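The block underneath contains the structure these notes are about, expressed in structure tokens.
The values are calculated or read from the model by the stated rules, or taken from the named source; none is laboratory data. Because the structure is a prediction, the values reported are computed rather than measured. As a convention, Cβ positions derive from the backbone with ideal geometry for all residues, glycine included, and neighbour counts pool all protein chains shown.
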């Protein structure tokens, strides 16, 4: 019998065996953990959070056995190799984890609601304020794997792709959110060099989770952008994070993409989330609105 990162939870009344089960992959990560523990989750679902320690998603035979044993009625697929430098360093692993695993899970869940978490980095950043119909043009291996996986998922009309941006919050390991990574660097005495001309749409993982459960419960399908309401530079984000944490010495230095010599970085992948916002019962927050 499959074990999980978090025990399957159920409503406080009624027979829990009558409540459909939803799988959440990547439950050890920021968004997956937020989905499992979201106080806004509908009582329509029991949840089983899956992490790598309990189920290796690249072991397709084991995944199939677990799937047929659990018989989930929906899948929220968050698991991925999500750090772009790691994907650049090992493209084969990135394609295995981000594309092959997604394709396999989507096939298993062909008759079910299946939500796949993608990224704003499917765009080249030349435009900003991207809408769902805008052409994708990834500049990184990470973005390429996500574009390919999106195409597989969207081939099924029952399935849904959620493109999100920088998520922040508290992860189980304390190092998954960009806020956590930055604070750890400052606490270690390192200086973070942040771009004044690279723009994203940061969003709290808790808001991502709440929106996802609402979209699932409302039967939403196809493609949605799900990001924060503010377009902010990396520098703006870092300054606000420093103000939020006055007890930590914020070692921060402004820099420009023009002086950057690494792998290509898109300058503006801010997302327009109006399509999702029209369905949701709450406003997607801006980064500086969150305490």
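The set of residues in region 213-248 being under 17 Å from the mean Cα position of the chain (by Cα) and either in a helix (DSSP H, G or I) or farther than 25 Å from residue 281 by Cβ (or both) consists of 213, 214, 215, 216.
Matching residues to (1) at pLDDT below 95; (2) within 16 Å of residue 266 (Cβ to Cβ):
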| site | (1), (2) |
| --- | --- |
| 95 | no, no |
| 102 | no, no |
| 112 | no, no |
| 116 | no, no |
| 145 | no, yes |
| 149 | no, no |
| 180 | yes, no |
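Whether any residue in region 160-175 is touching a residue at least 24 places away in the same chain (Cβ under 8 Å), surrounded by fewer than 22 Cβ atoms within 10 Å (Cβ to Cβ) and out of contact with any helix residue (DSSP H, G or I) (no Cβ under 8 Å at 6 or more places or on another chain) is what I want to check. Yes: one or more hits.
Considering the conditions (1) out of contact with any strand residue (DSSP E or B) (no Cβ under 8 Å at 6 or more places or on another chain); (2) surrounded by 21 or more Cβ atoms within 10 Å (Cβ to Cβ), residue 247 is excluded by exactly one of them, (2). Scanning region 131-146 for residues that are in contact with a helix residue (DSSP H, G or I) (Cβ under 7 Å, 6 or more places away or on another chain) and farther than 22 Å from residue 101 by Cα turns up just one, 132. Taking the conditions (1) in contact with a helix residue (DSSP H, G or I) (Cβ under 8 Å, 6 or more places away or on another chain); (2) without any contact (Cβ under 8 Å) to a residue 12 or more places away in the chain in turn, residue 149 satisfies each one other than (2).
Of the residues 88, 127, 71, the single one that is over 22 Å from residue 224 (Cβ atoms) and out of contact with any helix residue (DSSP H, G or I) (no Cβ under 9 Å at 6 or more places or on another chain) is 71.
Only a single criterion out of (1) touching a helix residue (DSSP H, G or I) at 6+ places or on another chain (Cβ under 9 Å); (2) at pLDDT 95 or above is not satisfied by residue 268, namely (1). Filter region 1-42 for residues that are at pLDDT below 60 and within 19 Å of residue 101 (Cα to Cα); which is surrounded by the fewest Cβ atoms within 10 Å (Cβ to Cβ)? Checked region 1-42; the qualifying residue surrounded by the fewest Cβ atoms within 10 Å (Cβ to Cβ) is 2. Is region 232-244 home to any residue that is more than 28 Å from residue 126 (Cβ to Cβ), modelled with pLDDT under 95 and surrounded by fewer than 17 Cβ atoms within 10 Å (Cβ to Cβ)? Scanning region 232-244, I find at least one residue that is more than 28 Å from residue 126 (Cβ to Cβ), modelled with pLDDT under 95 and surrounded by fewer than 17 Cβ atoms within 10 Å (Cβ to Cβ), so the answer is yes. Residues that are in a loop (DSSP other than H, G, I, E, B) and closer than 16 Å to residue 230 by Cα within region 170-202 comprise 196, 197, 198, 201, 202, listed in sequence order. Can you say whether residue 199 is in contact with a strand residue (DSSP E or B) (Cβ under 6 Å, 6 or more places away or on another chain), modelled with pLDDT of 95 or more, surrounded by 22 or more Cβ atoms within 10 Å (Cβ to Cβ) and more than 30 Å from residue 73 (Cβ to Cβ), as far as the supplied structure shows? When the stated conditions are applied, residue 199 passes them.
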